[in-house]
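The values are calculated or read from the model by the stated rules, or taken from the named source; none is laboratory data. Being a predicted model, the structure only gives us computed values, none of them experimental. Ideal geometry is used to build each Cβ from the backbone, glycine not excepted, and the neighbour counts take in all protein chains shown. Keep in mind that these areas ignore ligands, DNA and RNA; they rest on the heavy atoms of the full protein, side chains included. Shrake-Rupley method; radii C 1.70, N 1.55, O 1.52, S 1.80 Å.
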Amino acid sequence: MKRIIAVAVLVLLMSSARSAGADSFKTLNQNEFMTAESIDAGMTQAGVHFTLGESYRSYYPTFRFGLGAQAEVGVKAGASTVDTGSDDKVAALVGADLKYQLVKQTEGIPVDMAIDIGLDANILSGGNVSDLSFSTIFSRSFPLTERGYKVTPYGGLELSYLSGSYLAKNETDYHVFVGVEWKLSQKAMLYGELKAGDNTLGGIGIRFEY
């Protein structure tokens, strides 16, 4: 009888450990780090971003390109780590997104509005977790000087679809995010952001335009 109880307890503990490890991969997500305003055609932004989430961290360089017609594309490549409870798993992080500005801030329109579709992939040893996201972004710019320095608060909603071999089943998550872009000069921008939903994460970043 004691052996049966011991085996039952061991099986329960192992099941709980696997569940906790699988749950850690559900936190894989990235900050937006973008306002609704589009980059001018032919312009490029380059920088680095850092995201800290529940049992998850990522660091990645990023590049964004203005395509014209109020559209822009972004790419990223870096690394992420996931705390599964028993150890940290390191993953290669790659991703891309396409943003299109629907509404432009003018004298009669108080905000910019854009939509963004993105795909991020965390590639771990023996598996992967992918995040397909759709975001609606609102922002408003407040000029600080006549030379282009400004502060732009932004926020929005995101629908995220997680899939991959490290998940027991595919997940659909919802997030709300708020952040600020501080344009330190005509070419340098700082970012700070908080995103909350099924999991919570925050991040900082810096980008340069040329």
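Quick notes on this structure:
- Filter pass, Thr62 being open to solvent by less than 10 Å² (accessible area, probe 1.4 Å), in contact (Cβ under 8 Å) with a residue 40 or more places away in the chain, polar (S, T, N, Q) and in contact with a Lys or Arg (Cβ under 9 Å, 6 or more places away or on another chain): yes
- Set side by side, the residues Ile137, Ile117 differ, and just one is hydrophobic (A, V, I, L, M, F, W, C), exposed (fewer than 14 other Cβ atoms within 10 Å of the Cβ) and either in contact with a Cys (Cβ under 8 Å, 6 or more places away or on another chain) or under 22 Å from Gly155 (Cβ atoms) (or both), which is Ile117.
- Restricting the first member to the stretch 78-96 and to residues that are touching a residue at least 24 places away in the same chain (Cβ under 8 Å), and the second to residues that are open to solvent by 70 Å² or more (accessible area, probe 1.4 Å) and in a loop (DSSP other than H, G, I, E, B), the beta-carbon pairs closer than 8 Å and six or more apart or on different chains are Lys89/Ser125.
- Exactly one residue out of Leu201, Leu184 is in contact with a strand residue (DSSP E or B) (Cβ under 8 Å, 6 or more places away or on another chain), of a type in the set (A, V, I, L, M) and closer than 18 Å to Tyr149 by Cβ: that is Leu184.
- Each residue in the stretch 174-187 was checked for being at pLDDT below 95 and of a type in the set (Gly, Ala, Ser), and 1 of them qualify.
- Qualifying residue in the stretch 96-103 (condition: under 17 Å from Leu52 (Cα atoms), among the polar types (S, T, N, Q) and more than 13 Å from the chain's Cα centre (by Cα)): no
- Filter result for Ala168 (without any contact (Cβ under 8 Å) to a residue 40 or more places away in the chain, small (Gly, Ala, Ser) and surrounded by fewer than 21 Cβ atoms within 10 Å (Cβ to Cβ)): no
- Looking only at the stretch 173-210, and only at residues there that are more than 16 Å from Gly156 (Cβ to Cβ) and of a type in the set (Lys, Arg), the one that is most open to solvent (accessible area, probe 1.4 Å): Lys187
- Residue-level check: of (1) hydroxyl-bearing (Ser, Thr, Tyr); (2) surrounded by 15 or more Cβ atoms within 10 Å (Cβ to Cβ); (3) out of contact with any strand residue (DSSP E or B) (no Cβ under 8 Å at 6 or more places or on another chain), Ser160 misses just (3).
- Residue within the stretch 81-88 that is at pLDDT below 95, closer than 19 Å to Tyr154 by Cα and in a loop (DSSP other than H, G, I, E, B) present: no
- Some residue of the stretch 143-152 being surrounded by 15 or more Cβ atoms within 10 Å (Cβ to Cβ) and at pLDDT 95 or above: yes
- Going through (1) in contact (Cβ under 8 Å) with a residue 40 or more places away in the chain; (2) open to solvent by 10 Å² or more (accessible area, probe 1.4 Å); (3) in contact with an Asp or Glu (Cβ under 9 Å, 6 or more places away or on another chain) one by one, Leu132 falls short only on (1).
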